[in-house]
Amino acid sequence: LTEPFHQPVLLGPVLQFLRPRPGAVVVDATLGGGGHAEAILAELGAGGRLIGIDQDEEALEAARQRLGWHPGFRALAGSFADLPELLSGLGQSQVDGILMDLGVSSHHLDTPERGFSFRFDAPLDMRMDRSRPLRAEDLVANLSEDELKRIIREYGEERYAGRIARRIVEERRRRPIRTTGRLAEVVLAALPPQARHGQKIHPATRTFQALRMAVNQELEALQQGLEGAVACLAPQGRLVVISYHSLEDRLVKQTMRRYSGQCVCPPGLPACRCQPRSLLKVLTRKPIQPDETEIAVNPRARSARLRAAEKLPPPGDPGPVPEVP
Ligand SMILES: C[S@@+](CC[C@H](N)C(=O)[O-])C[C@H]1O[C@@H](n2cnc3c(N)ncnc32)[C@H](O)[C@@H]1O
């Protein structure tokens, strides 16, 4: 690889909140190139165990090359949505820490044939797990105009979602939309002239992000992953999640709140439906964001938001005995 696989984001706060202790068992549920994992392993020491999970074979391969030498390192293929099953397959029901650093890696964005980026013209793929059947091309070809609009508006927070969806449907009747370059052109052509130029981000960015989230069912996996993570943490175990999108961050915030015993139902419901439970203590009242120095070195860190929580001891358990001074 010429480019580094991925630059780990918010590394200091990750270590501070995850608090990996010598000999502990930690899961990196989004292993990527193993940047965070390497720093965590250094804290865990020779007696610790780091279980890395990724749904992308190329990420697993890169991480195995980097960290395979450590006796406590294991890399597993799978989705963090299946965390409890993956861990029980290793005979590990409870762990001391879980990190989730969401989304795609720089490797995904920088590899043309993965089809995540309009910087290159390549087949519209966007799958992180390439054993799954559905590509972005299939969504663009088969979803109705209404479904496309909903996805682009909801996941992309794109104000011109309606115009873009309409244009996609018109253009695909003329000729199938099979490449990132063509989709970017179609999106551009759908926008009013003032939205085509002089924007901070490329005008197709939001549409690409939306399709990526739909192809990989990212929000569904995140919800399931968070539930599984809470279940798998040992008392005093720490959960650290970095998100890059406001919908993800909201889901993380709400789930941590609900598991810290607060109701997160929308106002006006006659009765609570969210079933809050006191299993976690939230450690970050506000999300932690990268500082300017980090953003200058790694612009992709720009939108990162870190939230952390600690698993509470079961009711009736007084927790660890305080140290005698
Ligand atoms: C932002 S990168 C992580 C980078 C990593 N922290 C590092 O330091 O190199 C996110 C990684 O999570 C993986 N991923 C995303 N969603 C996943 C899921 N549901 N299950 C497992 N892995 C996932 C992606 O394939 C990608 O490699």
**Asked** Once the Cα atoms of the stretch 233-325 are picked out, what are the Rg and Dmax in Å?
**Response** 16.5, 51
**Request:** Report, by chain and number, residues whose modeled amide H sits under 5 Å from the one on GLY237, excluding near sequence neighbours (fewer than 5 apart, same chain).
**Result:** LYS311
**Cα-based helix-to-principal-axis angle, 57-67 vs the chain, degrees rounded to 10** = 40 degrees
**Fill in**
Under the Karplus relation with 6.51, -1.76 and 1.60 and θ = phi - 60°, whole-Hz ³J(HN,Hα) for the stretch 113-119, x at Gly and Pro, equal 6, 6, x, 8, 10, 8, 5
**Message:** Can you tally the lysine pairs in the chain where the Cα-Cα distance is under 30 Å and the two residues are eight or more apart, or on different chains?
**Reply:** 9
**Message:** If you take every residue apart from GLY78 with its C-beta less than 14 Å away from the C-beta of GLY78, what net charge results, scoring Lys and Arg +1 and Asp and Glu -1?
**Reply:** -4
**Request:** May I ask for log10 I(q)/I(0) of the stretch 96-190 at q = 0.21 Å⁻¹, from a Debye sum over the Cα atoms as equal point scatterers with solvent left out?
**Result:** -1.12
**Request:** Once you have the Kirkwood Rh of the chain from its Cα pairs, apply Stokes-Einstein at 10 °C and 1.306 mPa s and quote D in µm²/s.
**Result:** 75 µm²/s
**Request:** Over the stretch 1-115, calculate the relative contact order: mean separation of alpha carbon pairs under 8 Å at least 6 apart, over the residue count, as a percent.
**Result:** 31 percent
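Nearest 5 is fine: what % of DSSP beta bridges in the chain come out antiparallel, could you say?
Roughly 40 percent of the beta bridges in the chain run antiparallel, per DSSP.
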**Complete:** Sorted by chain and number, the residues with a modelled amide H under 5 Å from that of ARG21, at a separation of 5 or more or across chains, are none
**Shape of the stretch 13-102, Cα gyration tensor, a/c cut at 1.5** = rounded
**Message:** Please check: in the Gaussian network model of the chain (C-alpha springs, under 10 Å), which one of GLU137, GLU218, GLU154 has the largest mean-square fluctuation.
**Reply:** GLU154
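Using the 2.2 N^0.38 Å rule of thumb for compact globular proteins, work out how the stretch 218-278 stacks up: its C-alpha Rg over that value, please.
1.17
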**Asked** Under a Cβ-Cβ cut-off of 15 Å, what is the net charge of the residues other than LYS286 that fall near it, where Lys and Arg count +1 and Asp and Glu count -1?
**Response** +4
**Fill in**
If one builds a Gaussian network model of the chain from Cα atoms under 10 Å apart, the most fluctuating residue listed among ASP56, ASP121, ASP146 is ASP146
**Net charge, ALA189 excluded, C-beta distance under 9 Å - Lys, Arg +1, Asp, Glu -1** = 0
**222 nm mean residue ellipticity, helices alone, for the chain (DSSP H n ≥ 4; -39,500 (n - 2.57); rounded to 500)** = -12000 deg cm²/dmol
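Rule-based calculations on the coordinates, nothing more; no lab input. Just so it is clear, the structure is predicted and the values come from calculations on it, not from any experiment. Note that each Cβ is placed from the backbone with ideal geometry, even for glycine, and that neighbours are counted across all protein chains shown.
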